[in-house]
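Throughout, read-outs are computed from the coordinates displayed, never taken from laboratory work. Treat the numbers as computed from the prediction; the structure is a model and nothing was measured. Cβ atoms come from the backbone with ideal geometry, glycine included; neighbour counts cover every protein chain shown.
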Amino acid sequence: MRRCLLILILFCCSCMNSELQSRAEQSAEHYIKNRLGNPVYFKTVSFSALQKRRYTTSLDTSLDAAGINAGDQRRVKAYVDSENGQRPDLSVKNEKDVYNIQHDKLTYYLLIYSFRTDLAGVKITMKYRLELDTACNVIHATDITNIKVKEQ
């Protein structure tokens with residue numbers, strides 16, 4: 001019984017991940033097509049695996065320097081209170097960073113998208129680096145066609 005339950009859980013988790021990958025791919029393709037003005041010739045070449053990333057704040061850097069784990073809320077609160085006492089001008093920013101860290105508001109996904117299109121009668125392969133939020137909406141897109149990308 002436990003074995004079947006374990007297999008079922010693994011299957012569900014793998015489906016959720018591919019569901020997220022699929023939503024991200026559809027969102028990226030739709031965004032790029034709109035950005036290029038819906039070209040007549042447009043073929044997807046490849047998508048990279050979806051990578052989960054997190055933005056780094058100045059508070060993260062300070063916590064790392066102090067040797068404090070961002071998940072230890074008690075120590076983070078004590079550190080922020082101490083920091084706010086020394087630098088009252090940063091208190092609002094520190095509180096906002098604490099809120100964003102605790103509520104996982106700094107997470108984004110990274111996707112590399114390659115496609116072929118026709119620009120001015122010439123078929124070319126292009127590559128874009130897309131940052132997506134947790135709802136798979138494109139936050140930022142960068143043309144990296146002529147840039148060597150080291151995928152991690």
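Worth a mention:
- Residues in region 26-42 that are touching a helix residue (DSSP H, G or I) at 6+ places or on another chain (Cβ under 8 Å) and part of a loop (DSSP other than H, G, I, E, B): PRO39 only.
- Verdict on TYR41 being touching a strand residue (DSSP E or B) at 6+ places or on another chain (Cβ under 7 Å), under 25 Å from ASN137 (Cα atoms), of a type in the set (Phe, Trp, Tyr) and loosely packed, with under 12 Cβ neighbours inside 10 Å: yes
- Scope region 86-125; condition assigned to a strand (DSSP E or B) and within 20 Å of ASN69 (Cα to Cα); matching residues: THR107
- Subset of region 109-130 (residues that are within 17 Å of the chain's Cα centre (by Cα) and in contact (Cβ under 8 Å) with a residue 40 or more places away in the chain): TYR109, LEU110, LEU111, ILE112, TYR113, TYR128, LEU130
- Condition check for THR57: touching a residue at least 40 places away in the same chain (Cβ under 8 Å), surrounded by 15 or more Cβ atoms within 10 Å (Cβ to Cβ) and touching a Pro at 6+ places or on another chain (Cβ under 7 Å): no
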